[in-house]
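For reference, the structure is listed below as structure tokens.
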Amino acid sequence: MHVNALVTFPTGDPADMAALTEADRARLEVMQQWQERSGAYLQLQGTRPQTIAHALTDSPAGLLAWIVEKFQDWTDPAAKLPEDAVDRDRILTDVSIYWFTGTAGSAAHTYYERFNDPAMWTPRDRGTVPTAIAVFTTDVTIRRFADKVHHVVRWSEFSRGGHFAALEAPDLLGADLRAFFRTLD
Amino acid sequence: MTNNDITAYRIAVPQADLDDLRERLTRTRWTRDLPGTGWERGVPASYLRELAAYWATGYDWRAHEAALNAYPQFVTTIDGAQLQFLHVRSAEPDATPLLLLHGWPGSIVEFADLIGPLTDPAAHGADPATTATACRAETWARSSPRSWAARPRSGSSACTSTRWSPSRPVTRPTWPR
């Protein structure tokens with residue numbers, strides 16, 4: 001399994017907190033601030049998805065704003081605007097897919113499902129699948145926490161590309177995928 | 001469509017939907033930005049108006065629809081929910097099967113620049129020693145009655161996207177590997 005944009009959570013073990021590097025602490029801080037400053041979409045989709053669904057399904061301008069905010073917030077900070085990170089037509093094709101299929105609502109509901117899925121929040125055994133984790137500029141993944149829940153065999157950090165790594169840095173992500181799966185043969 | 005069927009699929013958005021989108025965009029009732037504010041409060045109206053205008057008049061959906069349709073696409077039903085996916089075969093004989101999953105607010109378009117190099121590395125200037133790609137799209141979109149596969153249901157959290165993923169599509173009797 002190869003993942004990027006993985007969110008990791010503190011384990012509750014004081015020893016893990018004490019062992020965090022300065023970079024880890026900075027990521028943890030970003031994650032905590034994120035909840036307060038830009039987590040509106042998460043709370044809304046996680047708690048009242050059907051209410052926002054009406055607006056998103058009726059207004060393409062509203063849907064565009066709802067999605068393009070994420071291309072602004074989650075792309076490489078070096079990009080001043082969404083289209084500096086991802087081709088404008090690609091962004092619009094993505095939004096068009098949600099629009100034409102009328103699926104902004106059902107997509108929002110997946111957050112509600114996650115919020116209300118007990119399996120999401122119960123501790124589980126550490127994974128056994130060999131896992132590669134790619135960390136791009138906007139990611140807040142912390143190695144020490146990831147190791148507690150996943151069988152991490154590869155860890156790659158990149159200084160270019162953000163949350164939408166496949167669109168922002170397909171060369172880096174593609175090379176990392178190939179390098180990782182080659183080792184599993 | 002019974003539960004085990006995998007059906008070939010092509011995207012074909014009706015012209016009426018394109019016309020409706022353009023009309024809605026041009027009739028948008030715009031809000032105003034508070035003086036002296038920017039992205040920290042959300043998407044600025046000035047930015048959104050310009051992007052929406054381009055979506056309505058400059059952006060060519062049909063060109064992008066055709067690009068998506070260049071990939072073999074399929075629809076199927078898993079756990080009662082319909083989904084659409086791409087399955088792109090590799091140019092290499094011993095390619096590793098690979099399943100690509102996206103999150104919100106992504107879509108299959110996220111993989112537009114990855115599929116070529118992964119499935120046909122030689123043609124993209126890379127070592128063909130690794131290859132692959134079975135590429136899935138969306139477990140959680142698709143609710144349009146006019147297809148791309150669409151029946152979301154409750155009780156399927158994001159966990160489902162992984163539950164749906166690794167082996168299930170490829171173990172279907174009609175699925176070669």
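Readers should treat all values here as calculations from the given coordinates under stated rules, not as data from a laboratory. Fair warning: this is a prediction, and the values are worked out from it, not measured in the lab. Backbone-built Cβ (ideal geometry, glycine too); neighbour counts: all protein chains shown.
Structure notes:
- If you go through segment B:75-120 and keep only what is under 23 Å from A:D94 (Cα atoms), part of a loop (DSSP other than H, G, I, E, B) and in contact (Cβ under 8 Å) with a residue 12 or more places away in the chain, you end up with B:H87, B:V88, B:L98, B:L101, B:H102, B:G103, B:W104, B:S107, B:A112, B:L114.
- Residue match in segment A:93-107 (condition: under 16 Å from the mean Cα position of the chain (by Cα) and part of a helix (DSSP H, G or I)): yes
Condition check ((1) among the small types (G, A, S); (2) under 14 Å from A:F100 (Cβ atoms)) across all residues:
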| position | (1), (2) |
| --- | --- |
| B:E40 | no, no |
| B:W55 | no, yes |
| B:A67 | yes, no |
| B:V75 | no, no |
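- Selection status of A:L167, assigned to a helix (DSSP H, G or I), touching an Asp or Glu at 6+ places or on another chain (Cβ under 9 Å) and touching a residue at least 12 places away in the same chain (Cβ under 8 Å): yes
- Residues that are hydrophobic (A, V, I, L, M, F, W, C) and either closer than 26 Å to A:G39 by Cα or free of Cβ contacts under 8 Å to residues at least 40 places away in the same chain (or both) within segment A:115-143 comprise A:F115, A:A119, A:M120, A:W121, A:I133, A:A134, A:V135, A:F136, A:V140, A:I142, listed in sequence order.
Residue-by-condition table, conditions (1) more than 21 Å from B:V109 (Cβ to Cβ); (2) not in a helix (DSSP H, G or I):
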| site | (1), (2) |
| --- | --- |
| A:R126 | yes, yes |
| A:I133 | yes, yes |
| A:K148 | yes, no |
| A:V153 | yes, yes |
| A:H163 | no, yes |
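- Test: residue in segment A:110-118 that is of a type in the set (F, W, Y), surrounded by 14 or more Cβ atoms within 10 Å (Cβ to Cβ) and closer than 19 Å to A:A23 by Cβ: no
Yes/no per residue for (1) under 22 Å from A:D87 (Cα atoms); (2) aliphatic (A, V, I, L, M); (3) surrounded by 17 or more Cβ atoms within 10 Å (Cβ to Cβ); (4) more than 12 Å from chain A (Cβ to nearest Cβ):
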site: B:N4; (1), (2), (3), (4): no, no, no, yes
site: B:R27; (1), (2), (3), (4): no, no, no, no
site: B:A52; (1), (2), (3), (4): yes, yes, yes, no
site: B:A81; (1), (2), (3), (4): no, yes, yes, no
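- Among the residues of segment A:75-109, those that are at the interface with chain B (Cβ under 8 Å from one of its Cβ atoms), free of Cβ contacts under 8 Å to residues at least 60 places away in the same chain and surrounded by fewer than 24 Cβ atoms within 10 Å (Cβ to Cβ) comprise A:L81, A:R88, A:D89, A:T93, A:F100, A:G102, A:G105.
- Condition met for A:A26 (among the small types (G, A, S) and outside any helix (DSSP H, G or I)): no
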